[in-house]
Amino acid sequence: MAAARGEFSSRFGFLMAASGSAVGLGNIWGFPTNTASNGGAAFLIAYLVLTFLLAYPALMAELIIGRHAKSNTLTALKYISSGKKSRLLAVALGFAGMITVSFILSFYAIVSGWFVAYFFDPIARLLGMDGVAQWLTTDTVTRNSIFLIGFMILTIYIISAGVKNGIEKWASRLMPSLIIILLLLIVYVMTLAGAMDGLRAYLVPDWSRITEPQLLVDAMGQAFFSLSLGVGTMLVYGSYIRKEENLPLVGSMVALLDVGIAVLAGMLIMPAMYVALANGVEIYDAAGGLIAGPGLIVSVLPSLFSNMGFMGIIVALAFFSLMTIASVTSSISMLEVPVSYTVENHGVERHKAAIVIGSLIAIISLIITFNFDPLFDLVVTYATEVSQPLLGFFFCIFIGWIWSRNDILLEIKQGCPDAESGLFWKIWPFYVKFICPVAILVVYFQ
């Protein structure tokens, strides 16, 4: 069964795929401004602590369930269920996860399509096609529809190729490229006027805010959701890990990669925003806060690039390459969740399943695009702020309260024979059983 499903052929391949799933657009646009708005390095320190105390245990829960069951989310949760009620909960949780991740992908494809359009803008300007460049950067239903469809076609193409030749192959190429582009952009931006002000806003701590409840809640939310927890993406990726892999080790490496890239993104975005300010670009919204989210990427930074002459074209091309890569590595992990279920539970050929499900999600994206104002924020809110936290809570309940503790230990010991005497096993079961569910509920009700 494992061979038929496919497996990651190497630890590197899994790390690139899992970190690619975790490193998404939120890491690039959300984390830096969240840090600057919550006391600079005070937020950064809280985020780092909470990632490894709370989010990492939840990540390990999904990876362990996935590798043990070697199946999709719904089947895996049923497999570890011990009674009729827990199996019914497993079915409900499995379907809720697939629906939620599909809606997340539906709005993700829209935003990603914007960034693909902005990627082609500097190319059009280099070729002297100013009319095309203006069309690419003008927010219209036609442009948005064309590029979201193109983005979904690319996502479907990668998923259709399977685990080794699709997900692993592309992630192993794209993620190193993302890191290299990110580092090169940081080096260049640091040479510009205003960059040091942005770096100070990002890294200098306001220690008086370290105990603020809102800072801690924001840091906790960033830690949980930047690791793609709750909707089954990490569980499905975990099901493709080989049995001989040391799960606590590879899980910690995924968390470190995600945190590292988020921190690096802050070292690019915050200095770039203050460089934009030094060039006369407005970086604050009407409420006085730093502009974040899509507005940062399609307003503030393009305005900066346009003031930089020819070099701005090159920097824009590199930056939107970065955004496109982050989009693709996350989208393929989302589409894999419903596709793996359809292939394994209904015997549908992978290529057909990817096309059908991907097309349905693209149709949802088009409906949102044509009704953007009433639907976009509604879908984002219910998918990421209502559904995803509750799903994360129930994942912790399954591994902390429903699955046998001995079976969990046996699964971990397959790749880590001395796990029982290690620090991970002495701490993790308590955290995932008691601390993580409470932490998720705190974030949810805030």
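No lab work stands behind these numbers, since they all come straight from the coordinates. As the structure is a computational prediction, the values presented were derived from the model and not from experiment. Glycine gets a Cβ as well: all are built from the backbone with ideal geometry, and neighbour counts include every protein chain shown.
Please express the Cα-Cα pair-distance distribution P(r) of the range 1-58 as a list of whole percents, one per 5 Å bin, running from 0 to the bin with the greatest distance.
Calculated P(r), rounded to whole percents: 4, 15, 14, 21, 17, 11, 8, 5, 3, 2, 0.
Name the most mobile residue of Gln222, Gln214, Gln388, meaning the one with the largest mean-square fluctuation, in a Gaussian network model of the chain with Cα contacts below 10 Å.
Between Gln222, Gln214, Gln388, it is Gln214 that shows the largest mean-square fluctuation.
Residues of the range 33-58 with amide nitrogen under 14 Å from the 7 Å Cα-to-Cβ point of Tyr284?
37
Which residues make up the longest stretch of the chain clear of GluC sites (Glu not before Pro) that lie in a DSSP loop with no more than 16 other Cβ atoms within 10 Å, not counting the sites?
Excluding the exposed sites themselves, the longest stretch runs over 1-243.
³J(HN,Hα) across the range 21-26 via Karplus (A = 6.51, B = -1.76, C = 1.60, θ = phi - 60°), whole Hz, x for Gly/Pro?
5, 6, 7, x, 5, x
What is the angle, in °, between the Cα long axis of helix 247-278 and the longest principal axis of the Cα atoms in the chain? Nearest 10 is fine, range 0 to 90.
20
Student exercise: in the range 8-445, how many lysine pairs 8 or more apart or on different chains have Cα atoms under 17 Å apart?
So the count works out to 7.
Work through the residues other than Met270 whose Cβ is under 13 Å from its Cβ and net out their charges, Lys, Arg +1 and Asp, Glu -1.
In short, 0.
Check each of the chymotrypsin sites (Phe, Trp or Tyr not before Pro) in the range 345-446 and keep only those in coil by DSSP with at most 12 other C-beta atoms within 10 angstrom; list them in order.
none
I'd like the orientation of helix 436-445 relative to the chain: the angle between its Cα long axis and the longest Cα principal axis, in ° from 0 to 90, rounded to 10.
Helix 436-445 and the main axis of the chain meet at about 40 degrees.
At 222 nm, what helix-only mean residue ellipticity would the chain give, in deg cm²/dmol to the nearest 500, using -39500 (n - 2.57) for each DSSP H run of four or more?
The per-residue figure over the chain is -23000 deg cm²/dmol.
Between the range 159-198 and the range 330-367, how far is it from one alpha carbon centroid to the other, in angstrom?
Taking the Cα centre of each part, the range 159-198 and the range 330-367 sit 26 Å apart.
With the Cα gyration tensor of the range 164-259 giving a ≥ b ≥ c as the square roots of its eigenvalues, does the rule (a/c under 1.5 for rounded; else a/b larger than b/c for prolate; else oblate) give rounded, prolate or oblate?
oblate
Between helix 213-226 and the chain, what is the angle of the helix's C-alpha long axis to the longest principal axis, kept within 0 to 90° and rounded to the nearest 10?
Once rounded, one gets 80 degrees.
For the range 59-146, what is the convex hull volume of the alpha-carbon atoms per residue, in Å³?
124
Take peptides 256-267, 289-300 and line them up by average Cβ neighbours within 10 Å, highest first, as a rough protection proxy.
256-267, 289-300
Answer rounded, prolate or oblate for the range 261-420, using the Cα gyration tensor with square roots of eigenvalues a ≥ b ≥ c: rounded when a/c is under 1.5, else prolate when a/b is larger than b/c, else oblate.
Because a/c hits 1.5 or more and a/b exceeds b/c, the range 261-420 counts as prolate.
In nm, what is the difference between 0.36 nm times the number of residues separating Phe95 and Ile367 and their Cα-Cα distance?
Numbers: separation 272, 0.36 × 272 = 97.92 nm, distance 2.19 nm.
Extra length available between Phe95 and Ile367 comes to 95.7 nm.
What is the sum of charges, Lys and Arg at +1 and Asp and Glu at -1, for the other residues whose Cβ falls under 13 Å from the Cβ of Gly230?
Around Gly230, the surrounding residues sum to -2.
For mean projected area of the Cα convex hull in nm², the listed values are [x] 21.8; [y] 20.5; [z] 26.3; which was obtained by calculation from the structure presented?
Matching entry in [x] 21.8; [y] 20.5; [z] 26.3: [y].
With a ≥ b ≥ c the root eigenvalues of the C-alpha gyration tensor of the range 93-194, is it rounded (a/c under 1.5), prolate (a/b larger than b/c) or oblate?
Oblate shape, in that a/c is at least 1.5 and b/c is the bigger or equal ratio.
Once the other residues with Cβ under 13 Å from the Cβ of Gly26 are scored (Lys, Arg +1; Asp, Glu -1), what is the net sum?
-3
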